[in-house]
Amino acid sequence: MTENSIDAVVLVGGKGTRLRPLTVSTPKPMLPTAGVPFLMHLLARIKAAGIEHVVLSTSFKAEVFEDYFGTGESLGLDIEYVVEDEALGTGGGIRNVYDRLRGDTTMVFNGDVLGGTDLTGILQAHEANNADVTLHLVQVGNPRAFGCVPTDATGRVLAFLEKTEDPPTNQINAGCYVFRRELIADIPAGRVVSVERETFPKLLEDGYAVYGYVDNAYWRDMGTPGDFVRGSSDLVRGIAPSPLLVGRTGESLVDESALVKDGTLLLGGTVIGRGTEVGAGCRLDDVVVFDGVTIEPGAVLEDSIIGHGVRIGANARIKNCVIGEGAHIGARCELQDGLRVWPGVKIPDNGIRFSSDA
Ligand code: GDD
Ligand code: MG
């Protein structure tokens, strides 16, 4: 098996609801992460594994992907796009790209996973086991939020339990699968299918050779604000590897067009986007600041995501929040506890205090 006989399929059709309001205007895989759309990091890993043909399985805001990546030539990739008029689910999204597949082996990726796993290791295990399907698996502390996948001593998958209340193991689906291509033809076409709730359980029931590949490399699903901030910071600090950041890691990442005044502290893997201005005496710890943002002097920000074009007034304090595109946060306001400010909302000056349990 050579990497050139392998197609990569990336599922990017989800609505990213847990990252609203950032995903109202931008699909989750396109949110800026350590200076580039998140998907760039995944595509760079696919390329580093020697795979060149990539099919993006899209639905929600499909045009954004093609506008940005085009043919993929500038990345050394050959990218195709398949659009679902109505979202078909993860299994439907895989089935829908079947006629674009060129090789006998298909590597499918969830488009929101930040990881450091050696992809060639998964492919080698797939071949060595003569598997029909190989699932990348990781151990996590909260398996209820994921697909729980117990295996036997030989690595053979015993069950697939998507988001179950009482998971039998903390070993979960890491969102990367290798399929023998012909199995994809067996997924029902033209209707919604969940690969996790329908396809995998059926393959197991039918006795196919489904194996798990477990490793301890960095892994994070970027689907919630907390994980998005943490994943971005981990990239900046070199804790999460990306081929795009080799030799560029540090305590913060500031776009060269941004302006950060003296006496401001940027800590914890904070990212400052294009054209953003940060006044004097601010402190930003573990914050993702998108493009065109203005932060006035003395503001203190922590564990938050600041959307495009936001304005933050002097001495404001923001902790654990998501601020939507174009919002204005008045001077001296205090926002905390998971508060999400919707795009364009204007909060007046003078120390108004907001929090939320959301
Ligand atoms: N094309 C297409 N069509 N893609 C979709 C659709 C769809 O209808 N729905 C979701 N996707 C894409 C999303 O864009 C995302 O990249 C991926 O499929 C997974 O969807 P999420 O919404 O992020 O799922 P999750 O995080 O709750 O759970 C999944 O990932 C976990 C690992 O991160 C499941 O696969 C779990 O089993 C797994 O543990
Ligand atoms: Mg996810």
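Looking only at the stretch 15-30, which residues are buried (at least 23 other Cβ atoms within 10 Å of the Cβ) and over 10 Å from G223 (Cα atoms)? Lay out the reasoning, then the answer.
We begin by selecting, within the stretch 15-30, every residue buried (at least 23 other Cβ atoms within 10 Å of the Cβ); these are 16, 19, 22, 27-30.
If the condition is that a residue be buried (at least 23 other Cβ atoms within 10 Å of the Cβ) and over 10 Å from G223 (Cα atoms), then L22, P27, M30 are the ones that fit.
What number of residues within the stretch 270-287 are without any contact (Cβ under 8 Å) to a residue 40 or more places away in the chain and crowded, with 22+ Cβ neighbours inside 10 Å? Can you show your working first?
Step one: list which residues in the stretch 270-287 are without any contact (Cβ under 8 Å) to a residue 40 or more places away in the chain, which gives 270, 272, 274-285.
Still in the running and crowded, with 22+ Cβ neighbours inside 10 Å: 270, 272, 276, 278, 282, 284.
Final tally of qualifying residues: 6.
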Total residues in the stretch 44-103, condition polar (S, T, N, Q), more than 26 Å from L244 (Cβ to Cβ) and either surrounded by fewer than 19 Cβ atoms within 10 Å (Cβ to Cβ) or outside the structural domain of L119 (by TED's automatic domain parsing) (or both) = 0
query = Does the stretch 154-161 contain at least one residue that is more than 16 Å from ligand 1 (Cβ to nearest atom), assigned to a helix (DSSP H, G or I) and in contact with a helix residue (DSSP H, G or I) (Cβ under 9 Å, 6 or more places away or on another chain)?
reply = no
query = Taking strands (runs of 3 or more DSSP E) that do not extend beyond the stretch 239-358, which have at least 1 residues that are farther than 18 Å from P32 by Cα?
reply = 265-267, 283-289, 300-306, 317-319, 334-336, 353-355
ask   = Only one of (1) within 14 Å of the chain's Cα centre (by Cα); (2) part of a loop (DSSP other than H, G, I, E, B) is not met by G50, so which one is it?
value = (1)
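Report, by residue number, each residue of the stretch 60-97 that is polar (S, T, N, Q) and in contact with a strand residue (DSSP E or B) (Cβ under 9 Å, 6 or more places away or on another chain). Break it down into steps so the answer makes sense when it comes.
Residues of the stretch 60-97 that are polar (S, T, N, Q), as a first pass: 71, 74, 90, 96.
Answer for the stretch 60-97, where residues must be polar (S, T, N, Q) and in contact with a strand residue (DSSP E or B) (Cβ under 9 Å, 6 or more places away or on another chain): T71, T90, N96.
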note = Given (1) in contact with a Lys or Arg (Cβ under 6 Å, 6 or more places away or on another chain); (2) under 26 Å from P241 (Cα atoms), T120 misses just (1)
query = Any idea how many residues of the stretch 10-44 are within 16 Å of ligand 2 (Cβ to nearest atom), touching a residue at least 40 places away in the same chain (Cβ under 8 Å) and of a type outside the set (F, W, Y)?
reply = 18
ask   = Within the stretch 201-235, how many residues turn out to be out of contact with any Lys or Arg (no Cβ under 9 Å at 6 or more places or on another chain), touching a residue at least 60 places away in the same chain (Cβ under 8 Å) and part of a helix (DSSP H, G or I)?
value = 5
ask   = So D215 clears everything in (1) charged (D, E, K, R); (2) within 16 Å of ligand 2 (Cβ to nearest atom); (3) within 20 Å of the chain's Cα centre (by Cα); (4) assigned by TED's automatic domain parsing to the domain that holds D118 except one condition, right? Which one?
value = (2)
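The values are calculated or read from the model by the stated rules, or taken from the named source; none is laboratory data. Predicted model, so just to flag it, every value in this text is computed and none were measured. Glycine also receives a Cβ, built like all others from the backbone with ideal geometry; neighbour counts cover every protein chain displayed.
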